[in-house]
Amino acid sequence: MTATLPALPGLAQVVEPEYASWGRRVVAALLDSAVLGAVAWFVGGERFAAPTLQPTFGPVGAADPDLEPWSSSAVLVGAWLLMLVVQGLTGQTPGRRVMGIAVVRTADGRGPADGPPGVLRSVARWFAHLLDAILGIGYLRPLWHRERRTFADSLLATAVVRRPSDHGAGLDRRRGALAVTAAAYVLVTVGLAAGVSVGSSGGVRRDAEAACVLEPQDPAAQVRVDGILLARETEWHRTLRLWPWAGDERRDERTFLTLDVSWQGGAEDTLLVRTTTSGGGAGDIQLPIGAGSTTFPVERAPDGTVDVAVLLDGRVLTSCTATVGPAA
């Protein structure tokens, strides 16, 4: 929609564009994020962070440190670039189409010109949004700016306006516009169902464990190893979505040793725990000890048989063998 000022004698008619409200821009951005989030989920489940059209500082796409950045996936980079290309060629993304707004280039900084921004300007505008990300001020700037522009808009000579009505256009054009709008609604609906989480669950489960049978030890020894336990645990996290087939979960499997150690006296010493797996892997762990009794968790990730030897000052105190299979 546009507001037309009264024509004055001898002067050309001036058309003032209707700039998109900040609320419409925010909702459109959220809908686009949902679409890209759905792409990320279809590509890698809970593996990747989702691309964004509103960049912030930090690793690209790695808002959640447990997720891989979207920049490491060629498919997600392609989806992000496709959104910018479509925006450059048409002025709209799926979210903006649904909200009835568009990005346009401006003519000499004096109001929108009749045309989309172009691909190069669209991509450059994404990088210019990093200025908007400084304390978020630029993203809030449309609230008080007369033409409702972010810093990126001002820098790249773009503006976001209400999409002109298709009334009065030819029948074929109206049908084409209706088909594009319907496709945008489908994409946004799928995005909201698959790309937006509505809750999450998680926990840690013990999948298997095996206790070592220790070699005989000197009962009068100052330091004794009373027990060794080899266990496999899985930490899992699942994001709940409206998509009916959303069932993937992110899992972190680990195998670890727990040593129960007791000793006499107050002298501090250091134990050396030596592990050898059936696959040929080996590792040494230095464990400082003090007076009293304690348990040492030792992070490891072996499968199959593991030989454990506990040494003090180069002397083997005890050893054992345990087997734990892969997590179920």
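The values are calculated or read from the model by the stated rules, or taken from the named source; none is laboratory data. Note that the structure is a prediction, hence the values are computed from the model and not measured. So basically every Cβ, Gly included, is an ideal-geometry build from the backbone, and we count neighbours across all protein chains shown.
Table for the structure above
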{"quantity": "So ALA177, is it surrounded by 12 or more Cβ atoms within 10 Å (Cβ to Cβ) and either modelled with pLDDT of 90 or more or not assigned by TED's automatic domain parsing to the domain that holds VAL26 (or both)", "calculated": "no"}
{"quantity": "Candidate set from region 78-97 (those that are of a type in the set (Val, Ile, Thr) and modelled with pLDDT of 95 or more); member that is nearest to the chain's Cα centre (by Cα)", "calculated": "THR93"}
{"quantity": "THR255 within 30 Å of VAL39 (Cβ to Cβ) and of a type outside the set (A, V, I, L, M)", "calculated": "no"}
{"quantity": "Test: residue in region 184-203 that is in contact with a strand residue (DSSP E or B) (Cβ under 8 Å, 6 or more places away or on another chain) and of a type in the set (Phe, Trp, Tyr)", "calculated": "no"}
{"quantity": "Odd one out for SER33 among (1) modelled with pLDDT under 85; (2) polar (S, T, N, Q); (3) outside any loop (DSSP other than H, G, I, E, B)", "calculated": "(1)"}
{"quantity": "Complete set of residues in region 184-198 that are touching a residue at least 40 places away in the same chain (Cβ under 8 Å) and either in a helix (DSSP H, G or I) or aliphatic (A, V, I, L, M) (or both)", "calculated": "ALA184, TYR185, LEU187, VAL188, VAL190, GLY191, LEU192, ALA193, ALA194, VAL196, VAL198"}
{"quantity": "Considering residues of region 203-238 that are among the basic types (Lys, Arg) and over 18 Å from LEU272 (Cα atoms) only, the residue surrounded by the fewest Cβ atoms within 10 Å (Cβ to Cβ)", "calculated": "ARG206"}
